[in-house]
1. With the requirement that a residue be in contact (Cβ under 8 Å) with a residue 24 or more places away in the chain, not hydroxyl-bearing (Ser, Thr, Tyr) and not in a helix (DSSP H, G or I), what does the stretch 361-406 give you?
2. Here are some residues: Met112, Met180. Which one is part of a loop (DSSP other than H, G, I, E, B) and either under 21 Å from the mean Cα position of the chain (by Cα) or in contact (Cβ under 8 Å) with a residue 12 or more places away in the chain (or both)?
3. In this structure, is Leu119 more than 28 Å from Phe407 (Cα to Cα), modelled with pLDDT of 95 or more, out of contact with any Phe, Trp or Tyr (no Cβ under 8 Å at 6 or more places or on another chain) and not in a helix (DSSP H, G or I)?
4. Working only within the stretch 201-219, note down all residues that are over 13 Å from the mean Cα position of the chain (by Cα) and more than 17 Å from Leu134 (Cα to Cα).
5. Would you please name the residue that is farthest from the chain's Cα centre (by Cα), looking only at residues in the stretch 256-271 that are closer than 24 Å to Leu98 by Cβ and among the small types (Gly, Ala, Ser)?
6. Pairs, please: C-beta under 9 Å, at least 6 apart or cross-chain, first residue over 14 Å from Ile357 (Cα atoms) and in the stretch 300-321, second of a type in the set (A, V, I, L, M) and surrounded by fewer than 15 Cβ atoms within 10 Å (Cβ to Cβ)?
7. Taking the criterion of being touching a residue at least 12 places away in the same chain (Cβ under 8 Å), aromatic (Phe, Trp, Tyr) and farther than 30 Å from Met164 by Cα, would at least one residue in the stretch 30-49 satisfy it?
8. Considering only residues that are in contact with a Pro (Cβ under 9 Å, 6 or more places away or on another chain) and of a type outside the set (S, T, N, Q), look in the stretch 146-161 and name the one that is surrounded by the fewest Cβ atoms within 10 Å (Cβ to Cβ).
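The values are calculated or read from the model by the stated rules, or taken from the named source; none is laboratory data. Note that the structure is predicted; figures quoted are calculated from it, not measured. A quick note on method: Cβ atoms are made from the backbone with ideal geometry, for glycine too, and the neighbour counts reach across all protein chains shown.
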Amino acid sequence: MTVTGLRAVVTSQGRSAVGQWALRRPVVFLLVVYAVTRVLAFVAMWVAATWFQTPAGVGHLDPSVGDILGGWDSIWYKRVATQGYPVPLPADPNSGLLTYSAWAFYPAFPMMVRALMLLGLPFEVAGVGLNLVLGAVCTLLVWRCFNFALHASPQPARERIALMTGALWCLYPATGILVMPYTEALAGVLIAGSLLLLMQRRYAWVAVLTLALGFTRAAAPAIACAAIAHLFLRWREDRAAGVVPLGGQRVTAALMLVATGVSSLAWPVVVGIISGLPMAFFDVQAAWGQKPESGPFVLWLSWAWEGHGIVGVTILIALVATYIALIMGRHGRWLAVELRVWALAYPLYLLAVVRPITSMWRFLLLDFPIAAVVASVAMRTSTGAKVVAHWRRRVGVVALILLVGLFWFTCALLTYTPWASTPP
């Protein structure tokens, strides 16, 4: 055997040993990947603060990582944690209409940070520390979801693909948001936990987590879609097996469905009761620019048309159609049906109710199946039949592209320029 051949064998055996270790200790592997990517996120913030953040955006001549961490929505969550919500709701003195205020931000995360602040921690330390823990938990839950095989097409290499999916999700370009005092880490835990518990048929716990989600992020309608799909499949499977459909769990299943409905309206109702104005939450959202009354999908289609005409509309529709095809096609079939329904319902819900805004990058952080599709395309053949022999090189290329995206997102969107910035 030549020296080159011997080196190839040793390298191959080394890679195989690392792969086997990761499969034997997936939790440790994912936590290591998570820790490394958090370091990369902080490095990206340091680069952004040092070379991209203008002093005019932070009010002093030496921008730091702390300025990046405490920017944008972090300011409002800090205000909620330290001062609470303003009563009465702020209104424009000229028009009398409700203006933008902290009421547009859900209370679960800032209240958790407020509890940690009782230990003497400043908001930034408490918020970042809490999200570091929640992000790790979310990473493990995402991996567990993808490793769940019920209601999914057979996949011999499921453990390996699920592991790589969890690792690639840690490199999503907007992953720095999971470090900042934002709600994404908490919402990720509640969403991934709800989907996992749903697949495990633990409906009462799904109801609990979904209710908590109602005070964290507006995502319950998509969870409801996944729950309905799950119950439909289980009802059909139980009947085919000759057993009572949902035997012994009909009450908890109904409770789960009710909880998803309550969760969708819980915070708007609370805001309406406290303010005495039933539509107060939606009026505050409108002040921030969210006006869903224009009609579902209309704002995105108008944005594409105004920017590039029929070409823009065609590209937008093609992107959505391609995504749906990937989720429904061979690269999505290895996922459980519940995850695929979430993957369709959540982004379509966003397109229906959210205006065209760069915050969509971080909103899609919670669409975990995007990472699963990317991992499948990188690791498997075009037919999805098996994992290719050179999958490590392909995953490495994808990881490098995502890393570049991480630095781009951090430097371009997490920095603040008073006269030119768009929100992350």
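1. Asp367, Phe368, Arg380, Gly384, Lys386, Val387
2. Going through Met112, Met180 in turn, the sole match is Met180.
3. Taking the combined requirement at face value, the residue satisfies it.
4. Within the stretch 201-219, Arg201, Arg202, Tyr203, Ala204, Trp205, Val206, Ala207, Val208, Leu211, Gly214 qualify.
5. Ranking the candidates gives Ala266 first.
6. Pairs found: His308/Ile315.
7. Within the stretch 30-49, not a single residue is touching a residue at least 12 places away in the same chain (Cβ under 8 Å), aromatic (Phe, Trp, Tyr) and farther than 30 Å from Met164 by Cα.
8. Here the residue is Glu159.
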